Each structure stands twice: as structure tokens, then as C-alpha cells.
Amino acid sequence: MAEIPDEAIVEEKFLASTGPGGQNVNKVATAVQLRIDVFKLGLASYAYQKLKTLAGTKLTAGGELVITARKFRTQEANRADARERVVELIAKAHERDAKRIKTKPSKAAKARRVDEKKGRSAVKAGRGKVRFD
């Protein structure tokens with residue numbers, strides 16, 4: 001697992017978690033909120049653009065990535081989970097999308113299209129006046 005540079009971490013806050021756990025949840029701050037300045041990560045421009053789309057609402061207007069982890073009952077596990085999620089998000093942002101290869105419709109597809117057009121044309125032609133000769 002890659003590491004997040006210390007200068008990129010703006011804030012690491014511990015919050016009261018939610019869900020089951022009884023007294024432990026009520027009195028111990030086990031959830032972790034990690035704020036990271038994405039500009040200090042040294043991302044390439046394409047990676048930053050992709051990170052913006054991947055992160056969605058987790059990325060603030062000021063360029064801070066906010067990850068909240070509250071899956072586990074211990075603070076240490078949630079802290080590791082938050083950091084791991086940030087690293088995974090950054091790794092996904094660095095992956096380049098595969099170029100789309102242009103394809104053309106097959107002969108059979110073209111023939112089906114022409115047949116459908118002819119059928120539709122016949123239906124519309126049949127809507128005209130009926131002549132009794």
C-alpha cells in the first residue's frame with residue numbers, strides 16, 4: 001500500500017460513530033474523518049480531473065478530499081480504512097481509460113436496417129387513399 005505524504009494531510013478528526021455498539025459507540029470517538037489537500041499530492045492534470053469525477057461530493061471546492069470511515073469498532077481500524085480508501089482512490093485516478101476503437105456496422109446489420117425502413121415505408125404508403133379501379 002502506498003503512503004499519503006504527511007504534508008498532504010490537512011486534518012485527521014475523530015468523531016463519535018453511529019450504529020450498533022451500545023455504550024462504546026456513545027462515549028468513544030471511533031469514526032475517522034480524513035481531510036487531504038489534493039494539490040499537495042502532486043497529481044498529474046489528467047489524474048486530478050479523474051479524481052474529481054471519482055470523488056464526487058467527497059471533494060470540496062477548496063481542493064480537499066474528505067473521507068469518513070466508521071465501518072469498524074476501533075479507531076485504529078477506521079484510521080487504516082480511511083487511509084487505504086484514499087490510496088485506492090488516488091490509484092484509480094492514475095489509471096488511464098482505454099481508447100475506444102471505432103467499429104462499423106456489419107453487412108447483416110445494414111441489411112436489417114434497410115429491411116425495417118422498407119417495411120415502415122410500406123406501412124406509411126398503405127395509409128394513403130384507397131382507389132377502387
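The values are calculated or read from the model by the stated rules, or taken from the named source; none is laboratory data. Please read all numbers here as calculations on a predicted model, not as lab measurements. Backbone-built Cβ (ideal geometry, glycine too); neighbour counts: all protein chains shown.
Being among the acidic types (Asp, Glu) and closer than 30 Å to residue 49 by Cα is the filter here, so list the residues in region 86-133 that pass it. Scanning region 86-133 gives 88, 95, 97.
Can you find, within region 67-102, the residue that is nearest to residue 17 (Cα to Cα) among those that are aliphatic (A, V, I, L, M) and surrounded by fewer than 17 Cβ atoms within 10 Å (Cβ to Cβ)?
77
The criterion of at least 2 residues that are touching a residue at least 60 places away in the same chain (Cβ under 8 Å) is met by the following helices (runs of 4 or more DSSP H) wholly inside region 36-129: 75-94.
Take the conditions (1) over 13 Å from residue 36 (Cα atoms); (2) over 17 Å from the mean Cα position of the chain (by Cα); residue 62 misses just one of them, which is (1).
Considering each of 74, 57 in turn, give the residue that is among the β-branched types (Val, Ile, Thr) and closer than 19 Å to residue 39 by Cβ. Being among the β-branched types (Val, Ile, Thr) and closer than 19 Å to residue 39 by Cβ holds for just one of 74, 57, which is 57.
In region 7-27, the residues that are charged (D, E, K, R) and at pLDDT below 75 form Cβ pairs under 7 Å with partners that are surrounded by 12 or more Cβ atoms within 10 Å (Cβ to Cβ) and part of a helix (DSSP H, G or I), at six or more places apart or across chains, as follows: 7/40.
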